[in-house]
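See structure below.
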Amino acid sequence: MSDALDRLDLLDLDDELDCDDRLLRDTVRKFADDRLRPNIRQWFEDGTLPARELAQEFGSLGVLGMHLEGYGCQGAKASQYGLVCAEVEAVDSGLRSLVSVQGSLAMYSIWAYGSEEQKQRWLPGMAAGELIGCFGLTEPDSGSDPGSMRTNARRDGDDWVLNGGKMWITNGSLSDVAVVWARTDEGIRGFLVEQGMPGFTATDVHHKISLRASVTSQLFFDDVRLPADAMLPNVRGLKGPLGCLTEARFGIINGVTGAARDALASTLEYAGSRTQFGKPIAGFQLTQRKLAEMAVQLQQLQLTARRLGELKDAGRIKPHQISVGKFANVRGALEICREARSILGGSGITTEYPVLRHAVNLETVYTYEGTHEVHTLVIGSQLTGLDAFR
Ligand code: FAD
């Protein structure tokens, strides 16, 4: 596979990595090859994941919330976090979701908007993977339009009382702490809801054909009584959850390049070894055209991710640029996986090869953290100054 990876690096992008970045990339790649890759097929087929174990292993690697400062986090560059996401998603988007929901959504919410006590209490354990978090924004009737959420918290003395429910929540039933966004009489606020609190329950979503190696849950809040200090004090309004999503989308932009690269690398190898009409199918012009289109497209996705990493490391990234990355990279990765599948012929429809698994996973990635259409509208609004959401 490493020969195929070398051949796919047409523009020598690897040469631009410095020693630290290369060491990090190789360490995570080795973990992925030794620990994740041999098991992913089974986890995906069974629709299960040893998520607690894996969280601790990711914690030991130092990749959970790695781009945050302090509280047991590494304070790494955003571009380094991007490299990690690509290596993990080269195995499976569900595994990258475990890492990025923990670090970019749950931990980032607490890190950016929490009190000092909340940060001390949760972040070191979450960085170590001993505690798991989730991020509850979407509801059954409130997806692309989170401002329409119905989950609400009302004051009762010093406490808050939370009612409502959240849908499609990654890591939901596993979580020690759920970051829950709710409507209050002072606008939308974030709350830390702990597992085991009376009135808080979670059930898993079954029968998924995408992101099977990931826990997806529905959360229910029935008069959950929360102390005053369960509220995240430092943000109010939709900009709270949207700020977290901007963080997490950066991980997606990088991660999906890993899924596309893995699909293409295994396809390149297959095309070299599969013989029809007396020669390897890689030797047919029609196959080479597909391979060339996909390899060039992959490099473009990687360049987009790299540019956004530079902007983020320089503290200059803007939300519409994140939308450009999510729009371009998820669509591009999905196109690569679909086209790659055709080269595998019948073998491409099984889990023996990772290609269609990546493609069906990317269907979720196309939809979550802002659907492709929502990011189209963000770019359209940036270009025209006209908002077409309503
Ligand atoms: P809808 O919003 O109903 O959209 C349906 C279609 O209508 C889409 O094509 C959409 O683009 C289109 N549409 C909507 N509005 C417009 C418009 N104005 N103009 C044009 N088209 C429009 N959420 C969380 O909060 N936390 C999580 O951890 C999380 N994990 C997830 C994991 C999985 C496996 C999945 C599938 C989802 C997850 N989500 C999570 C939810 C995800 O973010 C939502 O599914 C997504 O925001 C879309 O919402 P929806 O599914 O309700 O679709």
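The values are calculated or read from the model by the stated rules, or taken from the named source; none is laboratory data. Given the structure is predicted, the values throughout are model-derived calculations rather than measurements. So basically every Cβ, Gly included, is an ideal-geometry build from the backbone, and we count neighbours across all protein chains shown. Accessible surface areas use protein heavy atoms only, side chains included; no ligands, DNA or RNA. Shrake-Rupley method; radii C 1.70, N 1.55, O 1.52, S 1.80 Å.
Being surrounded by 24 or more Cβ atoms within 10 Å (Cβ to Cβ), more than 17 Å from the chain's Cα centre (by Cα) and hydrophobic (A, V, I, L, M, F, W, C), is that true of even one residue in the stretch 132-145? Even if it seems obvious, please write down each step before you answer.
Within the stretch 132-145, the first condition is being surrounded by 24 or more Cβ atoms within 10 Å (Cβ to Cβ), and the residues that meet it are 132-137.
If we keep only those that are more than 17 Å from the chain's Cα centre (by Cα) as well, we get none.
No, that holds for no residue.
Pairs meeting the criteria (first residue in the stretch 195-207 and in the same structural domain as G165 (by TED's automatic domain parsing) and closer than 13 Å to F221 by Cβ, second residue part of a loop (DSSP other than H, G, I, E, B) and of a type outside the set (S, T, N, Q), beta carbons under 6 Å, at least 6 apart or on different chains) are Q195/D176.
Against the criterion of being in a helix (DSSP H, G or I), small (G, A, S) and in contact (Cβ under 8 Å) with a residue 60 or more places away in the chain, G255 qualifies. Test K279 against the stated conditions and say whether it is away from the ligand (no atom under 15 Å from the Cβ), open to solvent by 70 Å² or more (accessible area, probe 1.4 Å) and under 20 Å from the mean Cα position of the chain (by Cα). No, not satisfied.
Can we say A340 is crowded, with 17+ Cβ neighbours inside 10 Å, more than 19 Å from the chain's Cα centre (by Cα) and not assigned by TED's automatic domain parsing to the domain that holds T170?
Values: crowded, with 17+ Cβ neighbours inside 10 Å: yes; more than 19 Å from the chain's Cα centre (by Cα): yes; not assigned by TED's automatic domain parsing to the domain that holds T170: yes.
Criteria met by A340.
A count restricted to the stretch 141-157 and to residues that are part of a loop (DSSP other than H, G, I, E, B) and among the charged types (D, E, K, R) stands at 3. For the stretch 146-189, the tally of residues that are more than 16 Å from the ligand (Cβ to nearest atom), of a type in the set (D, E, K, R) and in contact (Cβ under 8 Å) with a residue 40 or more places away in the chain stands at 4.
In the stretch 1-55, which residue that is in a helix (DSSP H, G or I) and among the β-branched types (V, I, T) is nearest to S214 (Cα to Cα)?
Pass one, the stretch 1-55, residues in a helix (DSSP H, G or I): 2-8, 13-16, 19-46, 51-55.
Cutting the leftovers down to among the β-branched types (V, I, T) gives us 27-28, 40.
Details: T27: 23, V28: 19, I40: 11 Å.
Out of the qualifying residues, it is I40.
Residues in the stretch 115-138 that are more than 8 Å from the ligand (Cβ to nearest atom) and assigned to a strand (DSSP E or B): 1 in all.
Where residues in the stretch 361-372 are touching a residue at least 60 places away in the same chain (Cβ under 8 Å) and within 11 Å of the ligand (Cβ to nearest atom), which of them is most open to solvent (accessible area, probe 1.4 Å)? Can you show your working first?
Filtering the stretch 361-372 for residues touching a residue at least 60 places away in the same chain (Cβ under 8 Å) gives 361-365, 368-371.
Cutting the leftovers down to within 11 Å of the ligand (Cβ to nearest atom) gives us 361, 363-365, 368-371.
Values: N361: 0, E363: 78, T364: 36, V365: 0, Y368: 41, E369: 23, G370: 18, T371: 28 Å².
Looking at the filtered set, the residue picked out is E363.
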